[in-house]
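The values are calculated or read from the model by the stated rules, or taken from the named source; none is laboratory data. Predicted, not measured: the structure shown is a model, and the values here were computed from it. Neighbour counts run over all protein chains shown; Cβ positions are idealised from the backbone, glycine included. The area values use the complete protein model at the heavy-atom level, side chains included, leaving out ligands, DNA and RNA. Shrake-Rupley method; radii C 1.70, N 1.55, O 1.52, S 1.80 Å.
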Number of protein chains: 2
Amino acid sequence: MKIGILGYGNLGRGVEKAVAANKDQELVAVFTRRDPSTVKIATPDAKVLHTDELVNMKNDIDVLIICGGSATDLPEMTPKYAAMFNVIDSFDTHANIPTHFSNVDKAAKEAGKIGVISCGWDPGMFSIARLYAHSVLPGGEDYTFWGRGVSQGHSDAIRRIDGVADARQFTVPVPSAVERVRSGENPELTTREKHTRECFVVAEEGADLARIESEIKNMPNYFADYDTTVTFISQEELNEKYSGLPHGGSVIYSGATGENKHVIEYSLKLDSNPEFTGSVLAACARAAYRMNNEGLSGAKSMFDIAPSYLSPLSTEELISHLL
Amino acid sequence: MKIGILGYGNLGRGVEKAVAANKDQELVAVFTRRDPSTVKIATPDAKVLHTDELVNMKNDIDVLIICGGSATDLPEMTPKYAAMFNVIDSFDTHANIPTHFSNVDKAAKEAGKIGVISCGWDPGMFSIARLYAHSVLPGGEDYTFWGRGVSQGHSDAIRRIDGVADARQFTVPVPSAVERVRSGENPELTTREKHTRECFVVAEEGADLARIESEIKNMPNYFADYDTTVTFISQEELNEKYSGLPHGGSVIYSGATGENKHVIEYSLKLDSNPEFTGSVLAACARAAYRMNNEGLSGAKSMFDIAPSYLSPLSTEELISHLL
């Protein structure tokens with residue numbers, strides 16, 4: 001199947017790497033809003049084209065994987081391109097997913113295409129873990145812990161503070177909270193009890209460190225509800241120790257059948273958040289292509305994808321090797 | 001939806017409990033090969049009927065959950081009843097799954113019914129964890145650890161030894177092996193390196209304990225390839241400490257995108273193996289009913305079931321609460 005990638009940031013590069021690892025997929029082109037001559041990609045035989053070219057590529061691309069931001073890019077891009085292609089996105093603004101789903105559904109159905117939204121690991125693999133657990137053991141409680149890993153949104157928020165040259169924020173689950181949940185105790189946990197936030201900050205020369213630390217720790221939504229630590233380091237140390245984008249976490253579900261307790265845990269430990277997310281998007285592209293070939297259309301989430309559609313293996317191979 | 005249960009051992013009772021917890025399911029009857037007057041069930045409004053009655057109940061039951069053994073019951077029963085009902089089973093003789101799938105497929109397709117085979121946790125939830133991981137990160141390695149939990153097959157094997165009154169066998173993963181896999185090391189592990197076997201044995205009075213221990217430890221397939229410990233205890237102690245049927249385990253997948261490693265782990269800690277397995281079967285019954293109502297027929301495994309089909313919630317509810 002022929003794949004297009006729209007957007008070439010961290011996620012777009014992750015998708016490119018995943019497509020290269022999938023023998024049944026071929027990257028046709030990366031589409032960018034920048035001047036294509038300034039964008040160098042890793043796949044030798046793929047083109048770099050301006051986004052404006054997409055309208056002329058309807059017959060050249062089976063699935064377009066859209067690697068844009070959830071705030072402004074995806075709400076506009078995914079419905080727009082679902083009218084031309086099978087599309088995949090990683091939309092993750094939770095409160096707006098129903099609206100986004102409905103917009104993509106309308107465009108995709110009219111065009112006879114599939115649009116799989118909110119793919120990745122959360123939303124995505126973690127959502128699936130929650131759904132399986134709730135379906136098998138109704139009435140239980142799910143807990144999601146994120147980290148230890150880099151939150152790019154929180155790192156950006158620190159970088160916007162006056163006097164900050166660079167920053168990296170790690171989200172860290174509180175080990176005792178994880179253990180309580182794992183034991184099947186079903187605790188009620190506040191935001192502060194679930195995660196701590198570790199900030200590694202490079203200050204500009206002469207900046208007021210106490211003010212920066214206070215601004216971080218008191219920032220509403222991002223840090224005020226958490227136990228936050230701020231460590232000032234040099235740019236060299238940040239580059240050396242904290243340049244990667246590791247992440248992960250766990251969905252832990254605690255349910256019961258009568259007095260018998262059952263604990264289900266799904267966890268990820270990822271060296272590269274964008275590369276793993278990109279890998280999920282590439283697998284979803286395979287599913288979208290197949291479902292569309294079977295005559296299906298409209299918006300889908302990973303909830304609507306039978307696991308076998310994500311795999312390149314045949315039914316016989318799956319049964320023999322993995323069942 | 002109206003549910004029938006065929007077979008009323010540990011698993012049948014587990015399914016009954018799960019159906020009672022599912023608001024959209026109603027248990028119509030338990031079917032048994034025994035004299036129905038000797039079987040007492042937990043559901044007040046359901047009937048106990050002889051298996052022979054099933055042929056007259058085609059219009060009274062939407063899904064028949066077959067709770068028989070994989071050795072002789074299911075290979076015969078599942079295809080037979082797939083010709084009359086949507087059916088669910090937990091067939092777990094791995095080498096024979098392709099043949100079983102094909103037999104069920106033929107009968108179910110001719111009848112326009114769905115037959116979901118090999119439901120449960122392994123095969124079942126663990127198979128799904130393996131499939132998702134392999135699909136997202138091709139080329140990695142999956143490891144399955146079982147336990148700490150009771151293996152009923154191994155307990156039965158010990159009970160067949162001369163001089164043994166009762167026994168309970170626990171399968172236990174080797175912690176250092178689990179840690180090596182979790183670290184992403186991708187080790188090659190022998191059978192002996194992955195699991196140990198702990199046997200709690202009640203000997204008959206005057207039995208030769210040394211002979212019993214030796215017979216257990218040298219039993220081919222069951223124990224000879226493992227580090228096995230045998231502890232003789234009284235019937236009272238066995239009843240008190242080891243009467244439950246806990247089980248669980250982990251599927252750990254170790255994959256990579258280039259030099260970045262990713263570890264995916266799905267684990268279960270179950271107080272009751274048959275009750276959890278029964279809960280999975282009940283959720284699969286929901287999916288079979290819906291898929292059949294949409295016109296699908298033939299044999300399926302959990303690989304072929306989109307996660308949303310397992311849930312009683314609507315698409316809108318799933319998106320709002322779990323995505």
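Here are some notes:
- Residue ID - farthest from A:Phe85 (Cα to Cα), chosen from residues in segment A:289-305 that are assigned to a helix (DSSP H, G or I) and more than 13 Å from every other protein chain (Cβ to nearest Cβ): A:Asn293
- Some residue of segment A:292-312 being charged (D, E, K, R) and under 22 Å from the mean Cα position of the chain (by Cα): yes
- The residues in segment B:173-193 that are open to solvent by less than 40 Å² (accessible area, probe 1.4 Å) and not in a strand (DSSP E or B) can be counted, and the count is 7.
- Among the candidates B:Ala111, B:Ala129, B:Ala157, B:Ala165, the residue that is more than 14 Å from every other protein chain (Cβ to nearest Cβ) and within 23 Å of the chain's Cα centre (by Cα) is uniquely B:Ala157.
- Selected residue (only one of B:Gly248, B:Gly278 is open to solvent by less than 70 Å² (accessible area, probe 1.4 Å) and on the phi > 0 side of the Ramachandran plot): B:Gly248
- Residue within segment B:111-130 that is touching a residue at least 24 places away in the same chain (Cβ under 8 Å), farther than 30 Å from A:Glu265 by Cα and in a helix (DSSP H, G or I) present: yes
- Odd one out for B:Ser243 among (1) facing chain A (nearest Cβ under 7 Å); (2) over 28 Å from B:Gly112 (Cβ atoms); (3) of a type in the set (S, T, N, Q): (1)
- Selection from segment B:71-107 of residues that are within 12 Å of chain A (Cβ to nearest Cβ) and open to solvent by 70 Å² or more (accessible area, probe 1.4 Å): B:Asp92, B:His94, B:Ala95, B:Asn96, B:Thr99
- The set of residues in segment B:142-172 being assigned to a helix (DSSP H, G or I) and either closer than 11 Å to B:His195 by Cβ or not basic (Lys, Arg) (or both) consists of B:Gln152, B:Gly153, B:His154, B:Ser155, B:Asp156, B:Ala157, B:Ile158.
- Here B:Glu198 fulfils each of the conditions (1) of a type in the set (Asp, Glu); (2) open to solvent by 70 Å² or more (accessible area, probe 1.4 Å); (3) out of contact with any helix residue (DSSP H, G or I) (no Cβ under 8 Å at 6 or more places or on another chain) apart from (2).
- Taking segment A:14-25 as the range and being of a type in the set (D, E, K, R) and either open to solvent by less than 20 Å² (accessible area, probe 1.4 Å) or out of contact with any Asp or Glu (no Cβ under 8 Å at 6 or more places or on another chain) (or both) as the test, the residues that pass are A:Glu16, A:Lys23, A:Asp24.
- Residue count, segment A:132-143 (criterion: open to solvent by less than 10 Å² (accessible area, probe 1.4 Å) and more than 10 Å from chain B (Cβ to nearest Cβ)): 0
- Flag if A:Ser314 is among the hydroxyl-bearing types (Ser, Thr, Tyr), without any contact (Cβ under 8 Å) to a residue 12 or more places away in the chain, facing chain B (nearest Cβ under 7 Å) and surrounded by fewer than 20 Cβ atoms within 10 Å (Cβ to Cβ): no
- Yes/no for B:Trp146 being away from chain A (no Cβ under 14 Å), aromatic (Phe, Trp, Tyr), surrounded by 19 or more Cβ atoms within 10 Å (Cβ to Cβ) and touching a residue at least 60 places away in the same chain (Cβ under 8 Å): yes
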